[in-house]
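Worksheet: one structure, shown below.
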Amino acid sequence: MAAIVRLQQSSSLLKPSAISSKFLHQSSSRPFFSKPNFLRNNTRLRKIHLAPPLCSDSNSIPESSSASGSSGSIVGDLLDYLNESWTQFHATAEAKRQLVDAGFHLLSENDEWDLKPGGRYFFTRNMSCLVAFAIGEKYSVGNGFHVIAAHTDSPCLKLKPKSALSKSNYLMVNVQTYGGGLWHTWFDRDLSVAGRVIVRGGDGSFLHKLVKVKRPLLRVPTLAIHLDRTVNKDGFKPNLETHLNPLLATKHDDASADVIDKSNSSSSKDSHHHPLLMQLKIRNHNNNNTCAIIMSEVRTNFDDNLLFSYSEFQILSDELACEIDDIASIELNICDTQPSCLGGANNEFIFSGRLDNLASSFCALRALVDSSGPKDLSDEHAIRMVALFDNEEVGSDSMQGAGAPTMFQAMRRIVDCLANQLVREGILERAIRQSFLVSADMAHGVHPNFMDKHEEHHRPELHKGLVIKHNANQRYATSGITAFLFKEVAKIHGLPTQDFVVRNDMGCGSTIGPILASGVGIRTVDCGIPQLSMHSVREVCGKEDVDIAYNHFKAFYETFSSIDRKLNVD
């Protein structure tokens with residue numbers, strides 16, 4: 001049974017980056033910690049397989065160049081966010097935690113709202129969609145919303161409702177593909193599971209918990225070249241139904257026999273999922289109504305593995321045991337365990353999964369928080385908003401996707417609440433006509449080995465700023481007017497921008513921009529941070545572009561009102 005490290009309570013709060021930089025070092029010749037008081041019950045430490053401090057140490061990352069301005073670099077905090085946010089649920093929970101920490105007030109869609117000018121609020125839906133907003137102190141009824149919208153989901157593998165699978169004496173996991181992933185990149189990776197579970201409480205209630213197994217648990221092995229001699233010539237073309245099932249364990253694993261026998265003897269459980277996968281211990285951390293649940297490891301025969309997990313709010317809470325029969329439902333993603341980190345000869349790249357689109361989500365969230373202090377809102381006439389949606393990768397048609405009226409329902413409720421029951425003609429419609437939406441989704445940077453895949457005069461480069469996306473067939477919502485206004489924000493603040501159009505002989509992807517723009521007629525610009533390896537299990541973007549995007553979004557909130565009033569189109 002693997003050891004669990006527990007830290008003693010400290011008077012100072014530890015950030016994830018501080019923990020990783022101080023403790024997460026590999027060593028085969030000496031103990032993991034130099035002081036024995038870090039351990040409880042004299043737990044013996046074993047081999048550790050964790051990333052070097054550079055992976056999430058924000059203190060080790062130098063400040064960006066002048067594009068970052070006086071606010072410095074947010075790259076270290078982005079790495080922390082990426083390493084926390086294995087799933088859309090974790091991304092939303094971490095965004096929720098940061099908003100609460102910044103003084104935003106948590107609302108419920110089920111309750112009546114009481115909003116005031118100068119107030120900062122947010123709500124979540126399905127714990128995978130989030131809308132946050134800050135009301136200018138000089139707001140008057142009918143003024144507009146300045147919105148940045150992004151999405152929390154990424155292509156991945158998800159467990160099927162019946163995930164238990166057995167092949168050739170191996171225990172496998174039955175999965176389904178989510179979104180348009182580059183599925184060949186998921187082979188031979190150290191994978192695990194994360195997501196959420198519904199747990200029965202002792203009083204008959206049901207608890208929603210987020211879970212994450214941080215150690216390598218699964219793997220999709222490739223076929224040896226000796227058995228597939230033409231793969232390098234003909235290409236790797238796996239069958240997504242039969243070749244993509246991750247390996248969990250061997251059937252005859254003696255260490256798991258007791259667990260299997262115990263689970264099979266339970267009359268209340270069927271065999272939809274492997275007992276090894278269901279035999280979980282879950283620890284619960286609840287602070288300010290923020291759910292930050294961290295799952296401990298699954299019991300297996302991997303005695304030499306160590307799980308180290310932490311919470312940014314406080315030291316790990318005491319473990320909460322959860323019986324198999326208490327798990328009422330699970331919704332789990334397959335996740336890559338390799339941490340997000342800096343790379344390149346000059347540490348100029350970010351290597352990570354889920355950059356599409358958590359990089360945009362974090363930059364938007366951070367820009368809203370940093371531009372919505374009391375002094376920032378004192379002269380604001382509009383409402384600053386961030387909307388993070390789920391299910392963009394599969395079309396956005398869900399309760400928590402951009403295809404649902406979530407954002408516009410929130411706008412109506414905000415306007416109605418601030419109108420103080422005064423009935424005025426076309427309040428919401430006038431507000432939307434004065435509003436502006438930035439649809440932020442990652443963009444295709446030019447690939448040095450495939451330059452001909454880009455239109456010759458529109459080849460966005462890394463480190464050169466946000467990419468404005470154009471498409472005459474409205475796959476992107478950018479117009480000449482919205483592009484001008486968004487670029488004018490950048491021009492005033494000395495920030496670079498780039499343009500992208502797809503080749504005429506290639507298909508064009510789309511974003512949540514056209515969905516939201518056409519929903520109620522809000523002015524919209526599509527933009528994104530340029531990246532490589534989009535939809536791979538491991539993506540690449542430029543460190544400098546993250547700071548440029550953050551500063552561009554922050555400048556949008558702070559200066560768009562003054563720019564917009566200078567232009568009259570209709």
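The values are calculated or read from the model by the stated rules, or taken from the named source; none is laboratory data. In this text, all values refer to a predicted model and were calculated from it rather than measured experimentally. Quick reminder, even Gly has a Cβ in these numbers, built from the backbone with ideal geometry, and neighbours come from all protein chains shown. Surface areas here come from the heavy atoms of the whole protein model, side chains and all, with no ligands, DNA or RNA. Shrake-Rupley method; radii C 1.70, N 1.55, O 1.52, S 1.80 Å.
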Worksheet item: So which of Gly373, Gly344, Gly353 is free of Cβ contacts under 8 Å to residues at least 40 places away in the same chain and either in the same structural domain as Ala91 (by the TED database) or in contact with a strand residue (DSSP E or B) (Cβ under 8 Å, 6 or more places away or on another chain) (or both)?
Response: Gly373
Worksheet item: Hey, any hits in the stretch 312-323 for a residue that's at pLDDT 85 or above and charged (D, E, K, R)?
Response: no
Worksheet item: Filter the stretch 113-143 for residues that are of a type in the set (Ser, Thr, Tyr) and in contact (Cβ under 8 Å) with a residue 24 or more places away in the chain; which is most open to solvent (accessible area, probe 1.4 Å)?
Response: Ser140
Fill in: Residues that are in contact with a strand residue (DSSP E or B) (Cβ under 9 Å, 6 or more places away or on another chain) and either at pLDDT 90 or above or of a type in the set (Ser, Thr, Tyr) (or both), drawn from the stretch 194-233
Ala194, Gly195, Phe206, Pro216, Leu218, Arg219, Val220, Pro221
Item to complete: All but one of (1) open to solvent by less than 70 Å² (accessible area, probe 1.4 Å); (2) modelled with pLDDT of 95 or more hold for His454, so report the exception by its number.
Response: (2)
Worksheet item: Could you say whether any residue in the stretch 503-523 is over 19 Å from Phe145 (Cβ atoms), within 22 Å of the chain's Cα centre (by Cα) and either of a type in the set (A, V, I, L, M, F, W, C) or crowded, with 23+ Cβ neighbours inside 10 Å (or both)?
Response: no
Worksheet item: Quick one: would you say His184 is assigned to a strand (DSSP E or B) and either over 23 Å from Cys363 (Cα atoms) or open to solvent by 20 Å² or more (accessible area, probe 1.4 Å) (or both)?
Response: no
Worksheet item: Of all the helices (runs of 4 or more DSSP H) wholly in the stretch 353-425, which have at least 1 residues that are at pLDDT 95 or above and farther than 30 Å from Cys341 by Cα?
Response: 374-377, 406-418
Discussion item. Condition first: out of contact with any Cys (no Cβ under 6 Å at 6 or more places or on another chain) and open to solvent by 20 Å² or more (accessible area, probe 1.4 Å). Now tell me which residues in the stretch 395-417 satisfy that.
Written reply: Gly395, Asp397, Ser398, Met399, Gly403, Pro405, Phe408, Gln409, Arg412, Arg413, Asp416, Cys417
Worksheet item: Do the conditions hold for Ser166, that is, is it small (Gly, Ala, Ser), in a strand (DSSP E or B), over 25 Å from Leu358 (Cβ atoms) and open to solvent by 10 Å² or more (accessible area, probe 1.4 Å)?
Response: yes
Fill in: First in the stretch 399-419 and in the same structural domain as Asn143 (by the TED database), second anywhere and open to solvent by less than 30 Å² (accessible area, probe 1.4 Å) and aromatic (Phe, Trp, Tyr), Cβ under 7 Å, 6 or more apart
Gln400/Phe389; Gly401/Phe389; Ala402/Phe389; Met411/Phe145; Arg413/Trp113; Ile414/Phe133; Cys417/Trp113; Leu418/Tyr139
Response to the item:
Those residues of the stretch 164-181 which are at positive phi and modelled with pLDDT of 95 or more amount to Gly179
Fill in: Restricting the stretch 70-107 to residues that are open to solvent by less than 40 Å² (accessible area, probe 1.4 Å) and among the small types (Gly, Ala, Ser), the residue that is farthest from Gly195 (Cα to Cα)
Gly72
Worksheet item: If you check Phe436, Phe389, which single one turns out to be assigned by the TED database to the domain that holds Ile481, within 18 Å of Phe556 (Cβ to Cβ) and not β-branched (Val, Ile, Thr)?
Response: Phe436
Response to the item:
Taking first residues from the stretch 546-563 that are assigned by the TED database to the domain that holds Leu462 and second residues anywhere that are surrounded by 20 or more Cβ atoms within 10 Å (Cβ to Cβ) and of a type in the set (D, E, K, R), the pairs with Cβ under 6 Å that are 6 or more apart or on different chains are Tyr550/Arg366; Tyr557/Arg384
Worksheet, complete the sentence: Here the residues within the stretch 535-561 that are open to solvent by 20 Å² or more (accessible area, probe 1.4 Å), part of a helix (DSSP H, G or I) and β-branched (Val, Ile, Thr) are Thr559
Worksheet item: Between residues in the stretch 214-228 that are open to solvent by 80 Å² or more (accessible area, probe 1.4 Å) and residues that are not aliphatic (A, V, I, L, M), which pairs lie under 8 Å by C-beta distance while being six or more apart or on different chains?
Response: Arg219/Asp188; Arg219/Arg189; Arg219/Asp190; Arg219/Pro246
Item to complete: Please indicate, with yes or no, whether at least one residue in the stretch 461-483 is in a helix (DSSP H, G or I) and either free of Cβ contacts under 8 Å to residues at least 12 places away in the same chain or open to solvent by 60 Å² or more (accessible area, probe 1.4 Å) (or both).
Response: yes
